[in-house]
1. For a quick check of your reading of the model, give me the residue pairs whose first member lies in segment 14-29 and is under 15 Å from V59 (Cα atoms), whose second is open to solvent by 40 Å² or more (accessible area, probe 1.4 Å) and among the basic types (K, R), with beta-carbon atoms closer than 6 Å and at least 6 apart or on different chains.
2. Scan L164, L181 and give me the residue that is open to solvent by 60 Å² or more (accessible area, probe 1.4 Å) and not hydroxyl-bearing (S, T, Y).
3. Filter segment 353-370 down to the residues that are among the aliphatic types (A, V, I, L, M) and either surrounded by fewer than 16 Cβ atoms within 10 Å (Cβ to Cβ) or part of a helix (DSSP H, G or I) (or both) and list them by number.
4. Within segment 91-108, restricting attention to residues that are on the phi < 0 side of the Ramachandran plot and not hydrophobic (A, V, I, L, M, F, W, C), which residue is surrounded by the fewest Cβ atoms within 10 Å (Cβ to Cβ)?
5. For T310, indicate whether it is in a loop (DSSP other than H, G, I, E, B), more than 30 Å from Y12 (Cβ to Cβ) and touching a residue at least 12 places away in the same chain (Cβ under 8 Å).
6. Tell me, yes or no, whether segment 116-128 has at least one residue that is assigned to a strand (DSSP E or B), under 23 Å from the mean Cα position of the chain (by Cα) and closer than 27 Å to I209 by Cα.
7. Tally time: how many residues in segment 139-192 are assigned to a loop (DSSP other than H, G, I, E, B) and under 24 Å from S124 (Cα atoms)?
Amino acid sequence: ARAAIGFRENGYEGPVTLVSDESLLPYDRPPLSKAALSGDAEPEPVYLLDADMMRSLNVTFMGGAAAVAIDRAAKILTLSSGQALSYEKLLIATGAAPRKLTLAGGESALDLRNLGDAIRIRNSFSAGVNVVIIGGGFIGLELAASAVKRGCLVTVIEAQPRILMRGVPSEISDVIMARHLKAGNTILTGSAISHIEADSVVLADGRRIAADIVIAGIGAAPRVELAAQAGLELDNGIACDTGMRTSDPNIYAVGDCCSFPHPIFGGVRLRLEAWRNASDQAVIAVENMLGGDRQYESVPWFWSDQFELTLQIAGMPGLGVSTVLRPLKDGAFILCHLDTAGTLVGASGIGQGNTIARDVRLLEMLIGKRMKPDTAILADGASQLKALLKA
């Protein structure tokens, strides 16, 4: 959707065709695990491009037809309907698909990726229903928060020693864990699952967890089938360069489906599953498809809502070797992550509402400038981070 807009913003007047295996026009996905599930009304799509916008942009939308094959030599894209489309430049934005449970009974578990999934899950949420969520990552916990708001009896099962093991530092996951327990959710960490039965999830130690509904939230895998069929290079997704070009100079990829070397972090190859990343990459890809030569070097940024708490992450906290705590009002705080040279490489924060938003944004800018900030200023919640930027 962002790319379609970008072509017109850049003055391109030729044909633009948007192909989707979903019949709906492009819509926003983050609400699917939050407001779409916890609201009183049945979920409605929040369109990124509605029919009027499509017409004003003169973009052809071909929905309900998956792209199934690319003939790179002839520059032809074939759809599941059998229709063939010729192209000069092609952008792949196929996203990611939920990982499936491979254990016995796992095929009965629901997962969440599109509006139809959200409607099915929401219709199963009602007071007193036993909901078991497998996976204590961001999506699993957002689902748990939405389910308990609708009166469900919620159990989250996580195989790792703590929730959000790969996502945030323990100081933040402890806050989120406490909030879920306060809401009445049960969270079982370090728990392996044996199998799933009609009315329960059976753990490896023999415990049975009552389950009217089981939802899997164990991560997502990049959708690379189309790229693989075309013989494009793969590396944790579709392998792109810093300009979002694939191994074919006429084909680009953006979003959850691709990986790229990030110039701010020493060229480490990343694959980012985040809304803003997909949008920002589309801007770069479009400019390069029209003859430009820009690098994608935006600082990664991610957010999640957990009840009234907002979590934000900027940069790559995992690259840090030391941490500075920045306390803010009402119990909010931000962890500033520094590498061995003292360069700020990440920021992880949590607080109510927008408490942390301004400081995380300023820290994101410091990360982008590869700055080595004074740790005393970082640790003083009353200090002005803007001063570090000006310096």
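The values are calculated or read from the model by the stated rules, or taken from the named source; none is laboratory data. This structure is a prediction, so every number in the text was calculated from the model and none was measured. Don't worry about glycine lacking a Cβ; one is built from the backbone with ideal geometry, like all the others, and counts go over all protein chains shown. Just so you know, the surface numbers come from the protein's heavy atoms only, side chains and all, with ligands and any DNA or RNA stripped out. Shrake-Rupley method; radii C 1.70, N 1.55, O 1.52, S 1.80 Å.
1. No pair meets every condition.
2. L181
3. A357, V360, L362, L363, M365, L366, I367
4. This residue is T102.
5. No, not satisfied.
6. Scanning segment 116-128, I find no residue that is assigned to a strand (DSSP E or B), under 23 Å from the mean Cα position of the chain (by Cα) and closer than 27 Å to I209 by Cα, so the answer is no.
7. Residues in segment 139-192 being assigned to a loop (DSSP other than H, G, I, E, B) and under 24 Å from S124 (Cα atoms): 6 in total.
Results for (1) under 29 Å from G292 (Cα atoms); (2) open to solvent by 50 Å² or more (accessible area, probe 1.4 Å); (3) at pLDDT below 95, shown as yes or no for each residue.
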| position | (1), (2), (3) |
| --- | --- |
| F7 | yes, no, no |
| S23 | no, yes, no |
| S38 | no, no, yes |
| F61 | yes, yes, no |
| A67 | yes, no, no |
| S80 | no, yes, no |
| Q83 | no, yes, no |
